[in-house]
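Taking it in order: structure first as structure tokens, then the write-up.
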Amino acid sequence: AQAGNYLRPTTLSGLLQARAAHPQAQVVAGTTDVGLWINKMHKRFAQVLDVTAAQELKRVETYPHHIAIGAAVSLHQAYAALVSERPPLKTFAQRFAGLPVRNSGTLGGNVANGSPIGDSMPLLIALDASVVLMRWDAKRKQITHRELRLEDLYTGYRTNVMKPDELLCWIKVPRPAETEFLRVYKISKRFDDDISAVCLAIRMTLADGKVGTISIGAGGVAATPVRARQTEATLRGQVWSADTVMAAVAALRAEFQPISDMRASAAYRQTVLGNLLQRFWLESQGLQAINLESVSMEALA
Ligand SMILES: Cc1cc2nc3c(=O)[nH]c(=O)nc-3n(C[C@H](O)[C@H](O)[C@H](O)COP(=O)(O)OP(=O)(O)OC[C@H]3O[C@@H](n4cnc5c(N)ncnc54)[C@H](O)[C@@H]3O)c2cc1C
């Protein structure tokens, strides 16, 4: 590469100034997505801006009500932080790619890439996560930012609201409520190192037997990662019962119009989406034998 074609600032302000000066440069983090555009799609980039050396963005910060994950934090570290807050996420975290990709890829890259079958977004939507976008304000000579709910980042298939001089800098994840019940389900053809056909994440709290907080993120069912707003509305305030769940299963299957592709047919995706909500109901009733943690490969062999 020629000098100046590969920019790797070591501070956040340096990074944002470089972004403002070179809005056409290809932003990269771990390049586990972008690398394939070069290897497989033969794309070439005249200039590359690498976010991973900005020291401020390599941290996970813990606050009373949320954790903030910097955009240069690896998937491995980011999921370790998420699992330490919410231990039931352990199996899901292990199913994100393989260790080499988890070590070089970032959570920021997963979110910014915005693939409808990316694994982190359904979970982050269910956790009510937000993203902080930053840019360099040349007049004031300082960093400015805006924060939005994660699902509001996306405008369509792999498009988002980020301006040419903005970068995704932080992902803020609220800390768990003691009473929350959280599950995230990844459906893929292979157990290990495979891309989701469907992903569903559900977080719920109950109050006096009724659904209080309900937050549902889904992947593989629309052009972007999505929040299942209609299904949430069907559930909110209702008695948590088999009848309520059956109504919500129907609502969830009707809420999205997935496509058929090599990973799954549209009909399969719609069916499995509802089945996963039923599984969530059964697990909430204490049925453990149906979750992945209880499956022994040795016993099945
Ligand atoms: C073998 C393999 C297995 C995989 N398995 C999975 C899987 O199981 N689940 C899954 O969801 N994904 C999977 N992926 C996809 C990929 O690893 C993830 O999407 C990863 O999180 C991308 O992060 P990255 O840091 O490598 O991003 P990069 O490839 O560097 O960038 C991805 C996109 O995000 C943009 N970007 C990156 N950082 C920023 C930023 N701070 N601000 C603005 N834009 C930014 C880039 O411009 C680019 O458009 C897999 C990939 C491979 C190669």
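The values are calculated or read from the model by the stated rules, or taken from the named source; none is laboratory data. What you see is a predicted model, and the numbers here were worked out from it, not measured in a lab. Because the Cβ atoms are built from the backbone with ideal geometry, glycine has one as well, and the counts that use them run over all protein chains shown. The accessibility values were calculated without ligands, DNA or RNA, using every heavy atom of the protein model including side chains. Shrake-Rupley method; radii C 1.70, N 1.55, O 1.52, S 1.80 Å.
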Identify all lysines with a Cα-Cα distance to residue 172 below 27 Å; exclude those on the same chain that are fewer than 8 residues away in sequence. 58, 90, 141, 163, 186
Hey, what angle do you get for helix 75-85 against the long axis of the chain, alpha-carbon based, 0 to 90 degrees rounded to 10? 50
Just how large is the dipole of the chain about the Cα centre, in debye to the nearest 20, putting +1 at every Lys and Arg Cβ and -1 at every Asp and Glu Cβ? 780
Hits among aspartates and glutamates - C-alpha to C-alpha of residue 43 under 19 Å, sequence gap 8 or more where chains match: 33
Point-to-point label distance, residue 21-residue 295, nm (Cα→Cβ direction, 7 Å offset): 5.2
When the chain is treated as a GNM, springs tying every alpha-carbon pair under 10 Å, which of 89, 282, 200 comes out with the largest mean-square fluctuation? 282
If you line up the long axis of helix 242-255 against the longest principal axis of the chain, both from Cα atoms, how many degrees apart are they, to the nearest 10? 40
Rank 9, 187, 226 by how far each Cα sits towards the positive end of the charge dipole of the chain (+1 on Lys, Arg Cβ; -1 on Asp, Glu Cβ) and give me just the farthest. 9
Work out how much length residue 206 to residue 91 would gain on full extension: take 0.36 nm times their residue separation and subtract the Cα-Cα distance, in nm to one decimal. 39.0 nm
Which residue fluctuates most in the GNM of the chain (Cα springs below 10 Å): 134, 246, 204? 246
Just 229, 158, 44 to compare: in a GNM of the chain, with alpha carbon springs under 10 Å, which one fluctuates most? 44
Protein-only accessible surface order, largest first, of 59, 102 at 1.4 Å: 59, 102
Estimated D of the chain in µm² per second, where Rh is the Kirkwood radius over Cα pairs and Stokes-Einstein applies at 37 °C, 0.692 mPa s: 162
Lys/Arg Cβ at +1, Asp/Glu Cβ at -1, dipole of the chain taken about the Cα centre: which of 252, 89, 35 is farthest positive-ward? 35
Between residue 62 and residue 137, Cβ-based FRET efficiency (R0 25 Å, step 0.05) works out to 0.35
Under 15 Å between alpha carbons, and skipping anything fewer than 8 positions from residue 189 in its own chain: which aspartates and glutamates qualify? 119, 261
For helix 266-284, what angle does its Cα long axis make with the longest principal axis of the chain, in degrees from 0 to 90 and rounded to 10? 70
